[in-house]
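Presented below is the structure to which this report refers.
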Amino acid sequence: MKDKLALIGTEWAGTQLRAWAFDGDGEILSSFHTREEPVAGHRDWPGRIRFHLAEWLGFSPEVAVIGCGDVSASLAGNASLNAPLPLTHLASHLGLQAGIHLVPWIGQLSPPDLTCGAETVLFGLDEANGSVCIAGHHTRHCVVEHGRVLEFSTEITAELRDLLLSHGTLALNGAGAQSFDMKVFRDWVERALDTDDSPPVFSVEAAIRQGSLSAGNKAAALAGLMIGADVAAHYDPGDEVLLVADGPLLEAYGFALDALGADVEETSAAEALQDGLFEIADLAGLLGEDKGAL
C-alpha cells in the first residue's frame, strides 16, 4: 500500500476518529475507525492523530494529511468564509497545524451557525443543487446552488433525543429494555408532521402514563416525534430534497420526508465525506506530494 499512497484523509467528530488512505485516483486503499475523547480533551490532538495513523498503517505517512470535523474549531474565526460562499474557496483556505491540513468551517452570521464538518460533505456531492439534508448527530439543512452554499441550519435533534432519554422527566430510568417498533416511529412522525396539531415532547411521557404507549417504545416514539418536527420545520410537500445519511438515520429521515410528501433522493454521508476530503486536497494541490513523515 505504501507505494500507492497519495493522501490520508481524517475526520474527528465527537468521540469518533476516522481515517482513509487514498491512492492518486481517489480509491480507498484502507480505512480506520476508533473511539477517542473529544478533540477539546486533548491539548495535543495532532499527536493523537499521528499516533493512530502510525498504529494503523505501520509507518508514519510521508504524504499530505487532510482533516475535517472538530479539529477545525480553531479556524472558525476566519470571517472570510461566511455563507453565501462557493465551496471551492475551501481549498484555498486550508489551515495547517502540526503538519495536518484542516478544512475550515463555513460560518453564517444571521442566524449564527457553523458547518462543523458538513462543508466537506457538501463538497463531495458533485455540485448538488437545492435543498440538502445531512442527517447525523447534528443534522444540517442546507441550500446549495451551483456549488455555492447559500444558507444552512443546524438542528441537534439526535443529540437532544439522547439527552432527554438520559436525564429528566423522559429519562429511561425504569422504562425497561427498548425495542424499535417501526409502526410506533411512523405514528409519531405523522403526528409531528401535522404542524396545526403537532404534540409537544411531553406527549410521549403522557402517552406511556395513560397506557396508550408501551414504555419499551419510548425511544422510538420520541425519535419519531423529534425527527418529524425537524423535517416539518424545514421542508414542504413537493420539495426536492437530497438526503445525505447512513444507517438508521437514512431510513428514519427518509421515511419522514416521504411522509411529508417531499421528492427525496438519497446518498451516503460517509461516501460524500470521503469524496469531499479527496477532492478538496486535489484542488489544493496536495495529492502525492512528499510532506515528510508526520
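We did not get these values from a lab; they are worked out from the coordinates using the rules stated. Here the structure is a predicted model, which means the values were calculated and not measured. A quick note on method: Cβ atoms are made from the backbone with ideal geometry, for glycine too, and the neighbour counts reach across all protein chains shown.
Can you give the FRET efficiency for Arg43 and Thr15, using 1/(1 + (r/R0)^6), R0 = 25 Å, r = Cβ-Cβ distance, to the nearest 0.05?
Once rounded, the FRET efficiency stands at 0.90.
If you plug each phi of region 205-222 into the Karplus form 6.51 cos²θ - 1.76 cosθ + 1.60 with θ = phi - 60°, what whole-Hz ³J(HN,Hα) values come out, in order, with x for Gly and Pro?
5, 4, 4, 5, 5, 8, x, 8, 9, 5, 4, x, 10, 4, 4, 5, 5, 5
For Phe59 paired with Glu271, estimate the spin-label separation in nm (one decimal), with each label point 7 Å from Cα along the Cα-to-Cβ line.
According to this spin-label approximation, the distance is 3.1 nm.
Using the crude model of +1 on Lys and Arg Cβ and -1 on Asp and Glu Cβ, and no other charge, please compute the dipole size for region 166-249 relative to its Cα centre, in debye to 20.
Dipole size: approximately 560 debye.
As a test of the formula, what do you get for the chain when each DSSP H run with n ≥ 4 contributes -39,500 (n - 2.57) and the sum is divided by the residue count, at 222 nm and rounded to the nearest 500 deg cm²/dmol?
Counting only the DSSP helices, I get -10000 deg cm²/dmol.
Of the beta bridges DSSP finds with both residues in region 1-111, what % are antiparallel, to the nearest 5?
65
Taking the alpha-carbon distance from Lys218 and a cut-off under 19 Å, which aspartates and glutamates remain once sequence neighbours fewer than 8 residues away in the same chain are dropped?
Correct list for Lys218: Glu159, Asp162, Asp181, Asp187, Glu190, Glu205, Asp230, Glu251.
Provide the percentage of antiparallel DSSP beta bridges, counting only those with both residues in the chain; round to the nearest 5.
65
Taking amide H positions as placed in the peptide plane 1.01 Å from N, state which residues far from Asp239 in sequence (5 or more) or on other chains have amide H under 5 Å from it.
Answer set, sorted by chain and number: Asp263.
Can you find, among Val63, His33, Pro112, the residue farthest towards the positive end of the dipole of the chain? Put +1 on the C-beta of Lys and Arg, -1 on that of Asp and Glu.
The one lying farthest along the dipole's positive direction is His33.
For Kirkwood radius over Cα pairs in Å, the listed values are (1) 24.1; (2) 19.7; (3) 20.3; which was obtained by calculation from the structure presented?
(3)
How large is ³J(HN,Hα) for each residue in region 251-267, as worked out from phi by the Karplus curve 6.51 cos²θ - 1.76 cosθ + 1.60 (θ = phi - 60°), to whole Hz, x for Gly and Pro?
After applying 6.51 cos²θ - 1.76 cosθ + 1.60, I find 5, 5, 5, x, 5, 4, 5, 4, 5, 5, x, 7, 8, 9, 10, 10, 8 Hz.
In whole Hz, with x marking every Gly and Pro, tabulate ³J(HN,Hα) for region 99-106 from phi via Karplus 6.51 cos²θ - 1.76 cosθ + 1.60, θ = phi - 60°.
Taking θ as phi minus 60°, the curve returns x, 10, 7, 10, 7, x, 6, 9 Hz for region 99-106.
Please state the Cα pair-distance histogram of region 209-265 with 10 angstrom bins from zero: what percent is in each bin?
22, 47, 22, 8
For region 157-261, build the charge dipole from Cβ charges (+1 Lys, Arg; -1 Asp, Glu) around the Cα centre, then report which of Ala192, Leu163, Gly254 sits farthest towards its positive end.
Towards the positive end, the residue furthest out is Leu163.
Set Lys and Arg Cβ to +1 and Asp and Glu Cβ to -1, take the dipole of the chain about its Cα centre, and tell me which of Ser212, Ala83, Phe22 lies farthest positive.
Ser212
Find out how many positive minus negative residues lie around Ala256, taking Lys and Arg as positive, Asp and Glu as negative, among other residues whose Cβ is under 11 Å from that of Ala256.
Here the charged neighbours net out to -3.
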